[in-house]
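The values are calculated or read from the model by the stated rules, or taken from the named source; none is laboratory data. This one's a predicted model, so the numbers in the text were calculated from it and none came from an experiment. Here Cβ is always computed from backbone atoms with ideal geometry, including for glycine, and neighbour counts include all displayed protein chains. Just the protein is used for accessible areas: all its heavy atoms, side chains included, with ligands, DNA and RNA removed. Shrake-Rupley method; radii C 1.70, N 1.55, O 1.52, S 1.80 Å.
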Amino acid sequence: MIKLKRSSILAAVLGFTLALSGCGGGGSTAEQPNEPPTTPEQGQGASGGETAEKPNLRMIMQYGLFDPKTEFAAKYIQERTGYNVEYELLPAEGADEKLNLLVSSKDNYDLVKLNAAQFYNLASAGALEPLDDLIESHGNYIKQSIKQESFGSAMIDGKIYGIPETGAGVSIGEELVVRQDWLDELGLSIPTNTDELYDVLKTIKEKKNVIPLTMSKDSIYGDIATTFGVLTDWKEVDGQLMHRAELPEMVEFITYMNKLYKEGLLDTETPINTAQKSIEKFAGGNAAMYKLAWWNAGTTISALEKNFPEAKTAVVPYLKGKDGKAVVGAKANTTWYISILKSSKNKEATMDFLNAKLEPETFKGIAIGEEGVHHEVKDGKYYPILPKFNDDLNNASSFLTGVDEEKYPIYWQARVRKDPVLQAHFEEFQSNAEGLIVVDPMSTAPPIDAVSKNLLRLTTMLDDNVLQFISGAKPIEDYDKFLAQWRAEGGADMVAAANEWFQSSK
């Protein structure tokens with residue numbers, strides 16, 4: 001199992017609160033979370049309104065540009081659950097420091113929505129309540145909405161410390177898009193593998209004098225990388241987890257991309273391109289192919305057609321690898337963790353509140369509002385009614401505290417159907433990926449210390465070096481030297497910790 005490592009800094013910050021919550025007496029339920037509170041003010045509010053009055057709850061939320069008190073979702077949740085909740089938003093800057101101060105204050109917050117690093121730090125400092133017993137006694141809707149493997153991502157030392165919020169499920173975000181009118185003009189077919197891609201890009205360069213393929217520095221993997229076996233951050237190889245940095249296939253991918261770069265087939269500004277810059281090149285008629293994110297499809301295609309009314313585009317189906325098969329990598333990580341604070345005086349009521357939000361009709365209302373007011377159903381699909389959907393539900397996802405993992409991916413697609421072009425690209429991307437998706441094997445892992453503290457820095461280090469290898473700023477022969485440095489600076493520890501979890505999870 002993954003072992004908790006106490007954080008001395010957080011422990012010091014949270015010490016006063018934890019000392020209070022660990023004391024017996026005073027009506028505290030820290031040691032006996034299933035015992036009812038002793039005063040009417042704390043109330044029970046946990047079993048279908050058995051008590052006359054439900055306690056007010058206090059929740060710490062992530063940063064947002066809205067006032068929770070005025071949000072439709074907050075009012076709807078209060079109406080449906082009977083709980084009045086005071087929401088505190090973390091700031092955009094210094095969120096972790098503010099979180100620690102709030103948790104260690106005397107203001108008696110009850111629950112908090114956390115990212116993975118925050119969740120691990122607070123759990124390791126002893127600031128979060130184990131939820132197993134509370135879920136068992138007060139979480140019938142939670143148990144039927146959230147899959148057991150998702151709970152594994154919120155489990156440390158065999159205990160659940162948070163309700164995992166997995167978002168809208170597994171979906172594919174990006175795919176290559178090409179100027180179909182130019183392919184038709186040149187008598188070219190849409191490529192199906194990297195050899196054909198090379199030939200198409202080479203012909204476009206020779207005949208059209210434009211950038212054959214543009215992409216941003218933050219989007220260098222995906223369609224092309226997967227043909228070489230580079231799918232996601234982590235890959236299972238012979239029963240062991242390997243990070244993409246360690247894969248021999250990474251060098252093959254880099255070598256191919258370097259060839260495109262040297263021959264002018266890949267945008268020479270790729271190492272500095274932002275997504276917006278690449279979109280401008282594609283929409284401005286200066287590039288023939290771009291790896292488009294579906295959420296940018298509406299604005300990108302609209303700009304292209306405004307500039308060139310005769311322009312036509314096509315989505316390039318996911319390219320096949322050497323074995324003649326296409327695969328697509330995807331992540332299915334837990335996005336947020338909703339935890340009850342150890343210091344809360346309303347633990348049972350808080351769990352009752354979280355459970356009530358996942359009652360099917362209540363959850364549907366939070367997700368997509370009321371039928372005929374916020375959404376409509378056409379051909380079995382949910383469509384937003386605009387502008388009411390946006391006016392009332394634009395920030396609704398911030399108020400989610402776990403999702404119905406079967407139904408939310410269906411409800412959520414109403415948000416995609418605000419724009420026909422965006423909808424068409426989203427649905428085509430998903431259709432093309434059907435049956436091809438390989439999910440990152442670390443998706444269900446809980447926050448792991450050696451991974452959490454190293455992953456972001458090492459990912460940046462890897463991506464920066466990959467761009468340098470592709471552009472020729474560093475010779476590809478030096479990849480082993482880079483990999484040795486990557487391992488020495490935390491990569492080896494991260495991979496070892498990931499494999500410790502992986503073996504224990506089997």
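One table, with the values for the structure above:
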| quantity | calculated |
| --- | --- |
| Residue in the range 427-441 that is surrounded by the most Cβ atoms within 10 Å (Cβ to Cβ), counting only those that are under 28 Å from Asp238 (Cβ atoms) and hydrophobic (A, V, I, L, M, F, W, C) | Ala433 |
| Output for the range 208-238, where each listed residue is open to solvent by 20 Å² or more (accessible area, probe 1.4 Å) and of a type outside the set (Asp, Glu) | Lys208, Asn209, Val210, Ile211, Lys217, Tyr221, Gly222, Phe228, Leu231, Lys235, Val237 |
| Output for the range 353-369, where each listed residue is open to solvent by 20 Å² or more (accessible area, probe 1.4 Å) and assigned to a helix (DSSP H, G or I) | Ala356, Pro360, Glu361, Lys364 |
| Test result for Asp133, open to solvent by less than 20 Å² (accessible area, probe 1.4 Å) and of a type in the set (Asp, Glu) | no |
| Qualifying residue in the range 212-224 (condition: modelled with pLDDT of 95 or more and over 21 Å from Gly173 (Cβ atoms)) | yes |
| Residues satisfying the stated conditions in the range 388-415, i.e. in a helix (DSSP H, G or I) and closer than 30 Å to Val327 by Cα | Tyr408, Pro409, Ile410, Tyr411, Trp412, Gln413, Ala414, Arg415 |
| In the range 329-352, residue least open to solvent (accessible area, probe 1.4 Å) [restricted to those that are small (Gly, Ala, Ser) and in a loop (DSSP other than H, G, I, E, B)] | Ser344 |
| Hits in the range 449-478 (condition: open to solvent by less than 10 Å² (accessible area, probe 1.4 Å) and farther than 17 Å from Thr232 by Cα) | Phe469, Ile470 |
| Residue in the range 406-426 that is more than 21 Å from the chain's Cα centre (by Cα), of a type in the set (Gly, Ala, Ser), more than 30 Å from Thr81 (Cα to Cα) and open to solvent by 20 Å² or more (accessible area, probe 1.4 Å) present | yes |
| Enumeration of residues in the range 232-246 that are more than 24 Å from the chain's Cα centre (by Cα) and not in a strand (DSSP E or B) | Asp238, Gly239 |
| Members of the range 179-207 that are in a helix (DSSP H, G or I) and open to solvent by 50 Å² or more (accessible area, probe 1.4 Å) | Asp184, Glu185, Asp195, Glu196, Asp199, Lys202, Lys205, Glu206, Lys207 |
| Criterion: polar (S, T, N, Q) and open to solvent by 10 Å² or more (accessible area, probe 1.4 Å) - qualifying residue of Thr274, Thr300 | Thr274 |
| Subset tally (residues that are under 14 Å from Ile224 (Cα atoms) and acidic (Asp, Glu)) for the range 252-268 | 1 |
| Out of Gly380, Gly372, Gly321, sole residue that is at pLDDT below 95 and surrounded by fewer than 17 Cβ atoms within 10 Å (Cβ to Cβ) | Gly380 |
| Conditions (1) under 23 Å from Ile211 (Cβ atoms); (2) open to solvent by less than 60 Å² (accessible area, probe 1.4 Å); number of the one not met by Ala245 | (1) |
| Unmet criterion (only one of (1) over 30 Å from His375 (Cβ atoms); (2) modelled with pLDDT of 95 or more; (3) among the β-branched types (Val, Ile, Thr); (4) open to solvent by 20 Å² or more (accessible area, probe 1.4 Å)) for Thr444 | (2) |
| Which listed residue is over 20 Å from Asp419 (Cα atoms), open to solvent by 10 Å² or more (accessible area, probe 1.4 Å) and outside any loop (DSSP other than H, G, I, E, B), from Lys306, Lys281 | Lys281 |
| Lys259 being open to solvent by 50 Å² or more (accessible area, probe 1.4 Å), farther than 23 Å from Lys322 by Cβ and assigned to a helix (DSSP H, G or I) | no |
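A quick yes/no check of all residues on (1) of a type outside the set (Val, Ile, Thr); (2) in contact (Cβ under 8 Å) with a residue 60 or more places away in the chain; (3) in contact with a Leu (Cβ under 7 Å, 6 or more places away or on another chain); (4) exposed (fewer than 15 other Cβ atoms within 10 Å of the Cβ):
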site: Glu71; (1), (2), (3), (4): yes, yes, no, no
site: Lys75; (1), (2), (3), (4): yes, no, no, yes
site: Thr81; (1), (2), (3), (4): no, yes, no, no
site: Leu90; (1), (2), (3), (4): yes, no, yes, no
site: Asn100; (1), (2), (3), (4): yes, yes, yes, no
site: Val112; (1), (2), (3), (4): no, yes, yes, no
